[in-house]
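Encoded as structure tokens, the structure appears first; notes follow it.
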């Protein structure tokens, strides 16, 4: 069985976590499976490190319009590659792929380009014509208030067999569409249940992690604005008052987050050596798990912290943040821009008080236990579809 994973790569640590988790779980359920990805958002060495094969031909950069027009053509072209050659160079012909699974964290909705939905439609169409499984694993979806995106979402989603929304709001957004025969379900983020890579703590004493996100300066420019960095600075200063050292964790490979990280370190008067940007997303999960608290805006950094029992405070730009904290039983720990730059302070006091902190940790652990059952049901349904349709 050959399964294509699409929508995640190594250009973002959250996407890397999703790719790792999905690949490992599929191998656990189907030991014979081969996982294939397109040659975008990753290098040959990165794909090799996860034992991923490369799809031939790849569609090029994900934002190129020609990718939409050429999806079917590329599928036909793949047949021209001789079997001996594609095996020799670790390639998989598009025509040989048995199933398509999208693992985009958040790529479909009014905040994103219409092209994302058109590309999804093009890819799903190729598999739909052959009757091969098309699955969207848990992700944030919507809203679809803009009419062109609403129509494009209906067209694309109606070609899927199975769609998993990651939160109740996303579920309602998709259920409001005409998705034809697609089965629409709810399941938690898959990375909640992946194990961290064991590493030594970066500091000898207790520390709390601050995780900036440059998207807060564009996606949330009209709401958070300048208050965003001020909120992180005030949080870091409050943490210091408890004799806990703030560190800055960068959960992305780009330069924008690291610039914010250095600015935050400078304003908190902590050495830039305490701005950490590990290459491995599983190491970052361990780094966050060893802290006493996480405050930030990278969704999967918050997932990594909450899922390891670390009290976390979110500052976000989309409904996925509030939904995540709600899933973990602590929606009040998601700060709203209307609360002002001091919004984190009362929550830090709560999480640092021994008795109240223990209540928070117990809530996180109980919520994860409940979500584990939902996660297992989701994977069981996915596995059943692959087994029946790809046998």
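Give the number of residues within the stretch 351-374 that are touching a residue at least 12 places away in the same chain (Cβ under 8 Å) and out of contact with any strand residue (DSSP E or B) (no Cβ under 7 Å at 6 or more places or on another chain).
Summing the residues that are touching a residue at least 12 places away in the same chain (Cβ under 8 Å) and out of contact with any strand residue (DSSP E or B) (no Cβ under 7 Å at 6 or more places or on another chain) in the stretch 351-374 gives 13.
Only residues that are modelled with pLDDT of 90 or more and either assigned to a helix (DSSP H, G or I) or surrounded by fewer than 19 Cβ atoms within 10 Å (Cβ to Cβ) (or both): list them for the stretch 1-22, please.
1, 2, 13, 14, 15, 16, 17, 18, 19, 20, 21, 22
Every residue in the stretch 214-247 that is part of a loop (DSSP other than H, G, I, E, B) and either at pLDDT below 95 or not assigned by TED's automatic domain parsing to the domain that holds residue 345 (or both), please. Working first, answer last.
First, the residues of the stretch 214-247 that are part of a loop (DSSP other than H, G, I, E, B): 218-226, 241-244.
218, 219, 220, 221, 222, 223, 224, 225, 226, listed by residue number.
Would it be correct to say that residue 153 is buried (at least 22 other Cβ atoms within 10 Å of the Cβ), in a loop (DSSP other than H, G, I, E, B) and more than 17 Å from the chain's Cα centre (by Cα)?
Numbers: buried (at least 22 other Cβ atoms within 10 Å of the Cβ): yes; in a loop (DSSP other than H, G, I, E, B): no; more than 17 Å from the chain's Cα centre (by Cα): yes.
The answer is no for residue 153.
In the list 25, 63, which residue meets the criterion of being assigned by TED's automatic domain parsing to the domain that holds residue 115, modelled with pLDDT under 85 and in contact with a helix residue (DSSP H, G or I) (Cβ under 8 Å, 6 or more places away or on another chain)? Walk me through it before giving the result.
Numbers: 25 fails: modelled with pLDDT under 85.
It is 63.
Considering only residues that are farther than 16 Å from residue 330 by Cα, without any contact (Cβ under 8 Å) to a residue 40 or more places away in the chain and crowded, with 19+ Cβ neighbours inside 10 Å, which ones fall in the stretch 270-320?
275, the sole residue that qualifies.
Do you know which residues across the stretch 40-57 are assigned to a loop (DSSP other than H, G, I, E, B), in contact with a helix residue (DSSP H, G or I) (Cβ under 8 Å, 6 or more places away or on another chain) and either without any contact (Cβ under 8 Å) to a residue 24 or more places away in the chain or farther than 20 Å from residue 135 by Cβ (or both)?
Start the filter on the stretch 40-57 by keeping residues that are assigned to a loop (DSSP other than H, G, I, E, B), which leaves 40-43, 50-52, 57.
Right, trim to in contact with a helix residue (DSSP H, G or I) (Cβ under 8 Å, 6 or more places away or on another chain) and you get 41, 50-52, 57.
Across the stretch 40-57, the qualifying residues are 51, 57.
A quick yes/no check of all residues on (1) closer than 30 Å to residue 271 by Cβ; (2) crowded, with 19+ Cβ neighbours inside 10 Å; (3) in contact with a strand residue (DSSP E or B) (Cβ under 6 Å, 6 or more places away or on another chain):
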residue	(1), (2), (3)
159	no, yes, no
168	no, no, no
173	no, yes, yes
176	no, no, no
179	no, yes, no
185	no, no, yes
192	no, yes, no
204	yes, no, no
217	yes, no, no
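When you check residue 214 against the structure, is it in contact (Cβ under 8 Å) with a residue 60 or more places away in the chain and under 27 Å from residue 351 (Cα atoms), yes or no?
Values: in contact (Cβ under 8 Å) with a residue 60 or more places away in the chain: no; under 27 Å from residue 351 (Cα atoms): yes.
No: the conditions fail for residue 214.
All but one of (1) over 25 Å from the mean Cα position of the chain (by Cα); (2) assigned to a helix (DSSP H, G or I) hold for residue 391, so report the exception by its number.
Of everything listed in (1) over 25 Å from the mean Cα position of the chain (by Cα); (2) assigned to a helix (DSSP H, G or I), residue 391 misses just condition (2).
Yes/no per residue for (1) modelled with pLDDT of 95 or more; (2) part of a strand (DSSP E or B):
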{"site": "95", "(1), (2)": "no, no"}
{"site": "101", "(1), (2)": "yes, yes"}
{"site": "105", "(1), (2)": "no, no"}
{"site": "119", "(1), (2)": "no, no"}
{"site": "126", "(1), (2)": "no, no"}
{"site": "149", "(1), (2)": "yes, no"}
{"site": "171", "(1), (2)": "yes, no"}
{"site": "177", "(1), (2)": "yes, no"}
{"site": "184", "(1), (2)": "yes, yes"}
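State all residues of the stretch 219-243 that are surrounded by fewer than 19 Cβ atoms within 10 Å (Cβ to Cβ) and in contact with a strand residue (DSSP E or B) (Cβ under 8 Å, 6 or more places away or on another chain); if no residue qualifies, say none.
240
Is it the case that some residue within the stretch 66-84 is modelled with pLDDT of 85 or more, farther than 30 Å from residue 286 by Cα, touching a strand residue (DSSP E or B) at 6+ places or on another chain (Cβ under 9 Å) and not in a loop (DSSP other than H, G, I, E, B)?
Step one: list which residues in the stretch 66-84 are modelled with pLDDT of 85 or more, which gives none.
Scanning the stretch 66-84 turns up no residue that is modelled with pLDDT of 85 or more, farther than 30 Å from residue 286 by Cα, touching a strand residue (DSSP E or B) at 6+ places or on another chain (Cβ under 9 Å) and not in a loop (DSSP other than H, G, I, E, B).
Within the stretch 279-305, count every residue that is part of a loop (DSSP other than H, G, I, E, B) and either within 27 Å of residue 323 (Cα to Cα) or not assigned by TED's automatic domain parsing to the domain that holds residue 350 (or both).
6
Within 19 Å of residue 314 (Cα to Cα) and in contact with a helix residue (DSSP H, G or I) (Cβ under 9 Å, 6 or more places away or on another chain), is that true of residue 220?
Values: within 19 Å of residue 314 (Cα to Cα): yes; in contact with a helix residue (DSSP H, G or I) (Cβ under 9 Å, 6 or more places away or on another chain): yes.
Against the criterion (within 19 Å of residue 314 (Cα to Cα) and in contact with a helix residue (DSSP H, G or I) (Cβ under 9 Å, 6 or more places away or on another chain)), residue 220 qualifies.
Given (1) assigned by TED's automatic domain parsing to the domain that holds residue 238; (2) in contact with a helix residue (DSSP H, G or I) (Cβ under 9 Å, 6 or more places away or on another chain); (3) over 27 Å from residue 172 (Cβ atoms), identify the lone condition not met by residue 320.
So residue 320 meets the others, but not (3).
The values are calculated or read from the model by the stated rules, or taken from the named source; none is laboratory data. Keep in mind that this is a model prediction, so the values were computed, not measured. Reconstructed Cβ throughout: ideal geometry from the backbone, glycine too, with neighbour counts over all protein chains shown.
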